[in-house]
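The values are calculated or read from the model by the stated rules, or taken from the named source; none is laboratory data. Because the structure is a prediction, the values reported are computed rather than measured. All Cβ positions, even for glycine, are placed from backbone atoms using ideal geometry, and neighbour counts span all protein chains on display. The accessibility values were calculated without ligands, DNA or RNA, using every heavy atom of the protein model including side chains. Shrake-Rupley method; radii C 1.70, N 1.55, O 1.52, S 1.80 Å.
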There are 4 protein chains.
Amino acid sequence: MSLPKISFVAAEQEAAQEALGQLIALYGQVAPDDADVIVSLGGDGFMLETMHRFIDRDVPIYGMNRGTVGFLLNNYNEDHLPERLARAQKVTLHPLVMTAETSDGTRHHALAINEVSLHRESRQAAKLRIRVDKKIRLDELICDGLLVATPAGSTAYNLSAHGPILPIGSDLLVLTPVSAFRPRRWRSALLPHKAVVNVEVLEQKKRPVSAVADFTEFRDVASVDVVEDRSISIDLLFDPEHNLEERIIAEQFLP
Amino acid sequence: MSLPKISFVAAEQEAAQEALGQLIALYGQVAPDDADVIVSLGGDGFMLETMHRFIDRDVPIYGMNRGTVGFLLNNYNEDHLPERLARAQKVTLHPLVMTAETSDGTRHHALAINEVSLHRESRQAAKLRIRVDKKIRLDELICDGLLVATPAGSTAYNLSAHGPILPIGSDLLVLTPVSAFRPRRWRSALLPHKAVVNVEVLEQKKRPVSAVADFTEFRDVASVDVVEDRSISIDLLFDPEHNLEERIIAEQFLP
Amino acid sequence: MSLPKISFVAAEQEAAQEALGQLIALYGQVAPDDADVIVSLGGDGFMLETMHRFIDRDVPIYGMNRGTVGFLLNNYNEDHLPERLARAQKVTLHPLVMTAETSDGTRHHALAINEVSLHRESRQAAKLRIRVDKKIRLDELICDGLLVATPAGSTAYNLSAHGPILPIGSDLLVLTPVSAFRPRRWRSALLPHKAVVNVEVLEQKKRPVSAVADFTEFRDVASVDVVEDRSISIDLLFDPEHNLEERIIAEQFLP
Amino acid sequence: MSLPKISFVAAEQEAAQEALGQLIALYGQVAPDDADVIVSLGGDGFMLETMHRFIDRDVPIYGMNRGTVGFLLNNYNEDHLPERLARAQKVTLHPLVMTAETSDGTRHHALAINEVSLHRESRQAAKLRIRVDKKIRLDELICDGLLVATPAGSTAYNLSAHGPILPIGSDLLVLTPVSAFRPRRWRSALLPHKAVVNVEVLEQKKRPVSAVADFTEFRDVASVDVVEDRSISIDLLFDPEHNLEERIIAEQFLP
C-alpha cells in the first residue's frame, strides 16, 4: 500500500493542537492542495468549517474528535491512521444553496451543509410565506423562525426545534418552524429532496428577519430560496464500525 | 378512446350503495376478473379493504369518496368517468409483510398497506425488544404498543401516535412507539425502506401482546418480523389536480 | 425520643426480603394495626400496592427503594431509621375515585392514586365522549385510550402518553389521550382538581373499552366518572434532602 | 342601578375607532382617572397595552374585541353595556416582575402580564444557567431562548414554544425553552407560582441575549430574575357565559 498524502487541519483548542503535533510527527504533513485526504481535528463545529473550506476541492475529509459532540467525527486514535483511512467508508453529502435577497434588493448566495435558517431579529415575530415548488403552502406563518435541513443536518438545529431525524440517503429535506405562533400547532414537513423552497418575508420593515446558511448570516432579508445542489459533493470518511448512517439510526434510538 | 371495463365495488353504507347504482346505470358493470380498473366507493376503510382484496391482481384501483376521511380517495363525481380514469396519475404502493409467531410456535403471514402494529392485550404494559437488520436497537421498550408504517400509512395510526408524516416515494419506513414508558422520551425512528424489523415480545405470558397487519389480528404473539415486499405492487389512480403525493405534502401544512 | 412502632412490609423479590430480615433484626416488627409507621421495601409498584392496602388506615408510609424506579421512595439505608423517620417530611396525597358502569348496567368503584385510564380492548379504536363538570368538551375522541392523572401520577403513565408533569400541590388533574386519532393533534388538558370528569364510551359493542384505576381493571365499560376525593388522605414520608416535591421538580429538568 | 362611569380607550385601527365613537355617543366618556371601569376596544395586543397602562390603578378593565385573536376579550356588542358590566365576572391576574441586569451592570425592572422571555440576539445560540429558588436546575441550557409564563400568558408565546396551557387560578408558572439544543429533549417545567427564577447568561459577549417583559426589551443582559408579584392585581371583567377560565379550558380541547 502506498501511503496517502495527508493534510492535517486543527481547531484552536489545546486538545486539537496537541493532536496536530503528534499526528504530524507520526505521519508527516502536506499542503491541502497536495493532499489525498484531509484529516480534521476538533469538534463538530470545526468539522463543519473544514467541510466548507474544501467544498470546491475533490478531496475526502476524515474527522477525528478532539472537541464537543462529534456527530460527524470518528473516535480519536493516533494508531494505524493510513490503514484506517484505507478501509474507511465514504458518505457523500450535497449542500443546500441559499439565495437571499436583502431589503436593498441585492442577492447573496451561500452554501449550507446542515441547514438554512431564518430568524426574527427583534422582539417582533417573523411573518413568513412559504412556497414549495412555487406553490404557496403556508400563506402566513408567524414564528420565531424557520429552517430547512438536510439529512446530515437533521440532528442539529432541526432536532432542537422538534423536527424529526432523517436517515442519510433518505432523499428528503425537512422544513421545521421555530415557535410557530400561527398556525400554532404546525410542527414540520418532510419534502422530496428536489423541492425548491421559497420563504418570503412579510412586513419586513416592522419584522426584520435574518437568514443563515450554516455560519453565513445575512441581515434584513426579503426573500430566501433554498434548493439542494447535487452538482456539489462532499465526501466524508468514516470507520466502518461506526459510520454516519449507523450513527443517525442509532441517534434515533437514544433513550 | 376505447372505454375501459370498470368493476364497481361499494361499501354497505347508503351513500356508497346509491352511487353504485347510478354509476352502473351510466357506465355498466363487469366482474372484477374482467375489469381494466376497479372503482371503489366508500371511505378510507373500505378503500383499504378493496386494496387488500385485489392485491394479487394486476389491476389499478380508483377510489371515490362516499364515506369518511377520504385520504386515499378522489372526490365523488359521476360525470366523465372514463375521461378521468384515462388522465389519472398512478401511484404504486408496496405492502409490508408481517410474519407473526404466536406463543404456540406457529407462524402466520399477513400483508399491511398502512402499518403493522403491536399492542398490549391486558393492563400489563408490553415489554418489547427491537432489532433492525438483526442488530438490537432497543433492548427493552416498555410501552402500550409499537408500529411500523409505510409512507402511505404514515398519516394514519402513526400520526395519532405522534410519528412524522412521510412523503410518498421517500423510501422510508417509520417505527413509532405508543406511550413509551421506558425509554420514556423515545419518540420514533425513520428507517431505510429495506430495513428488516424484528420485534421480540418479552415476558409474553405476563404481558400478552397482539399484532395487527391493517385489519388482520393475531393474539398472543412471541415475535413479529416486518419487511417491505417490493415484489407486490398496488396501483392507485388519482385525479392529477389532487394526487396522493400532493395530499401528503398538503397534509403536513394543515393548521 | 420514644422509638416509633414500625411495621415493615416487603415485596417478594430477594433484595426486598433480605432488607426485611435485616431491618426487623435491627428495629423489631409490629403488626400493621399497631404501627406508628409503615415502612415499604420494594419498588414503585410495591409502594403503590402498599399505599392502596393502608389507604383506610391513618398511618404514614415511608418507602425505601429495594426495586425499580423509586420515584415515591427514599434511598435504602439501614442506619438510624428512627431518627430519619422523626425528621422525615410528610406529603399528603388524595386519590381519585373511579365509578365505572359496565355494559351490564352494574356500577363499580375503585380508588386510584396515580391515574384512571381507559383503553381499547380490541383492534377497534375507542370512541369516547368527554364531559368536564357535565359540559361536553370533546364530543367524539377516537383514540387508543385516555387517562386522568393526579400530580403524583403525572410522572407515570401520563408522561409516557406525552402529558406534562404536574408539581405536587398544584391543585390540578391532567387529562391525556393515548394516540388521539381524531381530533388528531389533541394533546392533553390541565383541569382544576375539583373537576368532575365523565367519559362515555360510544359504540361500546363494536368498540369495547376497559377502565383501570391503578391496578383494578373493569372490562367492557359504558361510562366512567372520575373525581378527586379529598376526604381520603395518604401520608407519605420523605427524607428532607430529597422529598417528593423536590423530585417532581427535578424530574422536569432531567436531560 | 346607578350607571358606572366608563372610560373608553381604543386601538388605532378603524374598527376600534368607529366603535369608540359609537360607544361614547351611547354611554358618554370620562377621563380614566374618574372611571369606575375601563373599556378597551381593539385586539389582544391593545388589551395587553391597556392592562399595562392601568396596572397601578385600582380599576377593572372590560375588553371588547375589535381586533385579532381576542383571547382576553369579550365579544363586541354595543347594547346594554351597563347591564353587562354589572353582571360581569372578575378575574384577577398578578404580573411577573422582571429584574434584568445588563452587561454594563445596571439593573432594570419591568412588569409582564403574559411572559418574560430571553432570546439570542445573533446567530450564536444562547447559553443559560437556570436557578429556581437559588438552586441550579440546569447548569447549561443551549437554546434559542427561554420564557417564564403566567397562566394567562400560557396560551401566548409559551404555547408556540410547545409549552402546556395552564388553567387560570392554577398557582403555577411554566418555564419553557425555545429550541433546546442541549439538553436536547428538555421540554418545559411547571413551577409553583412562588418560585423565584434566575437566568444567568453565560459567555455573554460571544452570545448576546435580550430579555423581554411583554413589550419591554433590554438588550445584552447578564442576568434576569423573574418572580410573581401578588401585591399587584389586575382585574379583568368577562361576560359570565364566556369567561377567561372557561376559555382557557376550552382552548385545551380545541381540535
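Before moving on, here are some points about what is shown:
- Total residues in region A:209-222, condition open to solvent by less than 30 Å² (accessible area, probe 1.4 Å) and either more than 17 Å from the chain's Cα centre (by Cα) or farther than 18 Å from A:LEU166 by Cβ (or both): 7
- Of the candidates D:ILE55, D:ILE38, the single residue that is within 25 Å of the chain's Cα centre (by Cα), crowded, with 20+ Cβ neighbours inside 10 Å and touching a residue at least 24 places away in the same chain (Cβ under 8 Å) is D:ILE38.
- Hits in region D:36-50 (condition: assigned to a loop (DSSP other than H, G, I, E, B) and at pLDDT below 95): D:GLY43
- Meets criteria (surrounded by 23 or more Cβ atoms within 10 Å (Cβ to Cβ), closer than 24 Å to A:PRO167 by Cβ and in contact with a strand residue (DSSP E or B) (Cβ under 8 Å, 6 or more places away or on another chain)) for B:LEU93: no
- Residue-level analysis places B:ARG247 outside the set of residues that are more than 15 Å from the chain's Cα centre (by Cα) and either more than 13 Å from chain A (Cβ to nearest Cβ) or aliphatic (A, V, I, L, M) (or both).
- Output for region B:214-234, where each listed residue is out of contact with any Asp or Glu (no Cβ under 8 Å at 6 or more places or on another chain) and part of a strand (DSSP E or B): B:THR216, B:GLU217, B:PHE218, B:ASP225, B:VAL226, B:VAL227, B:GLU228, B:ILE234
- Some residue of region D:70-93 being within 22 Å of A:ALA125 (Cβ to Cβ), under 22 Å from the mean Cα position of the chain (by Cα) and free of Cβ contacts under 8 Å to residues at least 60 places away in the same chain: yes
- Note on region B:142-185: residues that are part of a strand (DSSP E or B), of a type in the set (A, V, I, L, M, F, W, C) and within 12 Å of chain A (Cβ to nearest Cβ) total 5.
- The sole residue among D:ASP225, D:ASP239, D:ASP229 that is more than 10 Å from every other protein chain (Cβ to nearest Cβ), at pLDDT below 95 and open to solvent by 10 Å² or more (accessible area, probe 1.4 Å) is D:ASP239.
- Complete set of residues in region B:163-188 that are under 18 Å from A:ILE165 (Cα atoms) and at pLDDT 95 or above: B:LEU173, B:VAL174, B:LEU175, B:THR176, B:PRO177
- Candidate set: region B:242-255, residues that are in a loop (DSSP other than H, G, I, E, B) and farther than 19 Å from B:MET64 by Cβ; chosen: the one modelled with the lowest pLDDT: B:PRO255
- For A:LYS127, the criteria (1) more than 9 Å from chain B (Cβ to nearest Cβ); (2) closer than 15 Å to B:PHE253 by Cα; (3) modelled with pLDDT of 95 or more hold in every case but one, which is (2).
- Pick from region C:105-137, criterion polar (S, T, N, Q) and over 22 Å from the mean Cα position of the chain (by Cα), ranking: surrounded by the most Cβ atoms within 10 Å (Cβ to Cβ): C:SER122
- Checked against the criterion of being surrounded by fewer than 17 Cβ atoms within 10 Å (Cβ to Cβ), closer than 29 Å to B:LEU244 by Cβ and either within 11 Å of chain B (Cβ to nearest Cβ) or not polar (S, T, N, Q) (or both), the candidates A:LYS194, A:LYS206 yield just one match: A:LYS194.
- Listed conditions (1) in contact with a His (Cβ under 9 Å, 6 or more places away or on another chain); (2) within 30 Å of D:LEU147 (Cβ to Cβ) are all met by A:HIS94, apart from (2).
Each row is one residue, and each column tells you yes or no for (1) more than 20 Å from B:LEU159 (Cα to Cα); (2) in contact with a helix residue (DSSP H, G or I) (Cβ under 6 Å, 6 or more places away or on another chain); (3) of a type in the set (Val, Ile, Thr).
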position	(1), (2), (3)
C:ARG123	no, no, no
C:ILE130	yes, no, yes
C:LEU172	yes, no, no
C:TRP186	no, no, no
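- Condition check for C:SER188: open to solvent by less than 30 Å² (accessible area, probe 1.4 Å) and within 14 Å of chain D (Cβ to nearest Cβ): yes
- The one condition in (1) at pLDDT 95 or above; (2) crowded, with 20+ Cβ neighbours inside 10 Å that B:THR102 fails to fulfil: (2)
- Tally, over region A:1-35, of residues that are in contact (Cβ under 8 Å) with a residue 24 or more places away in the chain, assigned to a helix (DSSP H, G or I), surrounded by 16 or more Cβ atoms within 10 Å (Cβ to Cβ) and of a type in the set (A, V, I, L, M): 4
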